[in-house]
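Novice: My structure is below; once you've seen it, I'll send some questions.
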Amino acid sequence: MSEFPTTRNRRLRRTAALRRLVAETRLHPASFVLPLFVVSGRGVTNPISSMPGHSQLSVDELIPVVKEAASAGAGGVILFGIPASKDETGSGAWDPAGPVPTAIRAIKDQVEDITVWADVCLCEYTSHGHCGVLDGETVDNDKTLPLLAQAALAYADSGADVIAPSDMMDGRVAAIRSALDSGGHHELAQCSYSAKYASAYYGPFREAAESAPTFGDRRTHQMDPPNVREALVEVTLDLAEGADMVMVKPAGPYLDVISAVRARTNVPVAAYQVSGEFSMVEAAAQNGWIDGELVMLESLTSIARAGASITLTYFATRAARALSAF
Ligand code: PBG
Ligand code: ZN
């Protein structure tokens, strides 16, 4: 390569059309998945104060939001349920009449051409807010597995397209795979939250999903933020257990993890731009401190550039619309 003045890198940055031409990363609406919070009842829209523009929605209110996402070209929605009542084992998670199974059936019935993901975890459904059943003060891994499998099967039976376990119990991908297979769902894909960190960025989500633990935290099962090689161990095991896709979460603060996972696997890599990442952009934008629209697109571009093929993001519909405006 020759040097300045023969080489001038500014030549390819001269106009917007040239910059678009040589862009190495392109965002596409089809890669965005919108997280949604489903409650029981009718006509319910409870705004989530820490997540402007997002609300807990009953199924009838959810449908237009899913239709909007689909018509903007978003690739999917991922559902989180808030049950009417909670108990020690989180039995609401596998209630076929619960908010998530009801929402999946309604979406499949009324909205075309968008994938429906079901998050699988017990923390929204347990009275103590932990992701599994307790033995004293610790989450009992092996006793939790059949319960997660039962929940996954309920979502599968309702017509979900992707099952996404987020609990971080060891062995859950295999437990869910075998329950799905015995239930006749051989062709139903799992996207495992393989590298899910014990992150303080989940704060707003716990308001949205009413899933904060009543004591302690999730550090004994979610990953420790300093570790990246361990993420590869998680990914390798989940793929061996039958995961079809893997996820890194959070996304923006963990771009190195996305990149490492991308380099080591050939399955689709999803990244979850979590509630705290969204809320920080929104809060700064509302204060006039940053341009929210530009930071939204830049943050999503960075996640894609790091190697994510799918991004779960609260910006999904907005970003999809912004992209079609180009
Ligand atoms: C439940 C779950 C969480 C998120 C997705 N699934 C929260 C947690 O682990 O406490 C976080 C998503 C977000 O912050 O947007 N296990
Ligand atoms: Zn959980």
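Novice: With 18 Å as the cut-off, how large is the P(r) tail for segment 95-197, expressed as percent of Cα-Cα pairs?
Specialist: Cα-Cα pairs of segment 95-197 separated by over 18 Å account for 46 percent.
Novice: Continuing with the same structure: Roughly how compact is the chain, stated as its Cα Rg over 2.2 N^0.38 Å to two decimals?
Specialist: Working it through for the chain, the quotient is 1.01.
Novice: For Arg305, what accessible surface area do you get with a 1.4 Å probe? Give it in Å², rounded to 10.
Specialist: 150
Novice: Sticking with this one: In nm, to one decimal, how far is the modelled label at Leu12 from the one at Ala283, with both set 7 Å along Cα→Cβ?
Specialist: According to this spin-label approximation, the distance is 3.9 nm.
Novice: For segment 200-326, with equal point scatterers placed on the C-alpha atoms only and solvent neglected, what are the log10 I(q)/I(0) values from the Debye formula at q = 0.10, 0.22 1/Å, to two decimals?
Specialist: Values, matching the q order: -0.36, -1.33.
Novice: Then there's this: Quick one: of the DSSP bridges fully inside the chain, what percent are antiparallel, nearest 5?
Specialist: The antiparallel fraction comes to roughly 10 percent.
Novice: Okay, moving on. Ranked by accessible surface with a 1.4 Å probe, highest first, in what order do Glu234, Glu207 come?
Specialist: Ranking Glu234, Glu207 by accessible area, largest first, yields Glu207, Glu234.
Novice: Got a number for the accessible area of Leu57? Probe 1.4 Å, square angstrom, nearest 10.
Specialist: Per-residue accessible area (Leu57): approximately 10 Å².
Novice: A follow-up question, please. Mind listing the phi-derived Karplus ³J(HN,Hα) values for segment 265-275, rounded to whole Hz, using 6.51, -1.76 and 1.60 with θ = phi - 60°, and x for any glycine or proline?
Specialist: Values per residue, Gly and Pro as x: 9, 10, 7, x, 10, 9, 10, 10, 7, 7, 3 Hz.
Novice: Please compute the per residue accessible area over segment 26-324 with all protein chains in place, 1.4 Å probe, rounded to a whole number of Å².
Specialist: Accessible area per residue, segment 26-324: 39 Å².
Novice: Count the lysine pairs in the chain whose Cα atoms lie under 21 Å apart, taking only pairs 8 or more positions apart in sequence or on different chains.
Specialist: Close lysine pairs under the 21 Å cut-off: 4.
Novice: Ok, one more. By how many degrees, between 0 and 90 and to the nearest 10, does the Cα long axis of helix 255-264 differ from the longest principal axis of the chain?
Specialist: Tilt of helix 255-264: around 80 degrees.
Novice: Please work out the Cα center distance from segment 267-302 to segment 34-54, rounded to the nearest Å.
Specialist: About 19 Å separates the Cα centre of segment 267-302 from the one of segment 34-54.
Novice: Keeping all protein chains in the complex and leaving out DNA, RNA and ligands, what accessible area do you get for Cys123 with a 1.4 Å probe, in Å² to the nearest 10?
Specialist: The accessible area of Cys123 comes to roughly 10 Å².
Novice: Oh, and also: Ignoring ligands, DNA and RNA, how do Ile78, Ile310 rank by accessible area with a 1.4 Å probe, largest first?
Specialist: Ile310, Ile78
Novice: Turning to a different aspect of this structure: For a distance above 14 Å, tell me the whole-number percent of Cα pairs in segment 82-126 that qualify.
Specialist: So the pairs more than 14 Å apart make up 49 percent of the total in segment 82-126.
The values are calculated or read from the model by the stated rules, or taken from the named source; none is laboratory data. Quick caveat, the model's predicted, so the values are computed rather than measured. In this analysis, Cβ positions are derived from the backbone assuming ideal geometry, glycine residues included, and neighbour counts consider all displayed protein chains. Each accessible area value is taken on the protein alone, full model and side chains, heavy atoms only, with ligands, DNA and RNA left out. Shrake-Rupley method; radii C 1.70, N 1.55, O 1.52, S 1.80 Å.
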